[in-house]
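Asker: Pasting a structure below so you can have a look.
The values are calculated or read from the model by the stated rules, or taken from the named source; none is laboratory data. Please read all numbers here as calculations on a predicted model, not as lab measurements. Cβ placement follows ideal geometry from the backbone for every residue including glycine, while neighbour counts extend to all protein chains displayed.
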Amino acid sequence: MFFKYNWPVILWLIIILVLMGFPGNYFPKVSDFWAWLGPDKIIHLILFGILQFLLLRGFHKQYQFPRLRSYYVLYALLFGIIFGAFTELMQYYVFIGRNANIYDLIANIAGCILGWIAYYVLGRKLNKNIGFFNN
């Protein structure tokens, strides 16, 4: 039952790891503080916003792990933030041509928060009547 609702999360995690592994010369460099919210950071926001949305949906809909279902928001946020930090460490230590960046980590965390807000707003707006949100 867990995999039934969380396979999109697993697929999205793989996509994020592949994208984060591309050499750094494919992306624009951040030259100063005010340029930090450039295309690279927007990509981080989007990737981790989608990840958070999928985590919340998958953790909330599954029934195999009752504690995970009960505290799905907490576990999803923790997982998203830890995975965001993990990707930055991978960029620093493993991926060739990449480096860790505190602004990337901030964008990852902000993406997780935006994904949580989107999940909450969409769930309330659609009144949880669409099968995507039903228990």
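Asker: Find all pairs meeting these conditions: Cβ atoms under 9 angstrom apart; at least six residues apart or on different chains; first residue within the range 10-31 and under 18 Å from Ala100 (Cβ atoms) and surrounded by 14 or more Cβ atoms within 10 Å (Cβ to Cβ); second residue among the polar types (S, T, N, Q) and modelled with pLDDT of 60 or more.
Answerer: Hits for this filter: Ile16/Thr87; Leu17/Thr87; Met20/Thr87; Met20/Gln91; Gly21/Gln91; Gly24/Gln91; Gly24/Asn99; Val30/Asn101.
Asker: Can I ask one more? Is there any pair linking a residue in the range 102-122 that is farther than 17 Å from Phe59 by Cα to one that is charged (D, E, K, R), with Cβ under 7 Å and at least six apart or on different chains, and which?
Answerer: Filtered contacts from the range 102-122: Tyr103/Lys41; Asp104/Glu88; Leu105/Glu88; Ala107/Lys41.
Asker: Can you tell me how many residues in the range 53-75 are surrounded by fewer than 21 Cβ atoms within 10 Å (Cβ to Cβ), in contact with a Leu (Cβ under 8 Å, 6 or more places away or on another chain) and part of a helix (DSSP H, G or I)?
Answerer: Here the count works out to 3.
Asker: So, in the range 23-41, exactly how many residues are in a helix (DSSP H, G or I) and either at pLDDT 90 or above or hydroxyl-bearing (Ser, Thr, Tyr) (or both)?
Answerer: Summing the residues that are in a helix (DSSP H, G or I) and either at pLDDT 90 or above or hydroxyl-bearing (Ser, Thr, Tyr) (or both) in the range 23-41 gives 1.
Asker: Does any residue of the range 85-103 turn out to be closer than 21 Å to Gly115 by Cα, assigned to a loop (DSSP other than H, G, I, E, B), modelled with pLDDT under 90 and aromatic (Phe, Trp, Tyr)?
Answerer: Checking the range 85-103: not a single residue is closer than 21 Å to Gly115 by Cα, assigned to a loop (DSSP other than H, G, I, E, B), modelled with pLDDT under 90 and aromatic (Phe, Trp, Tyr).
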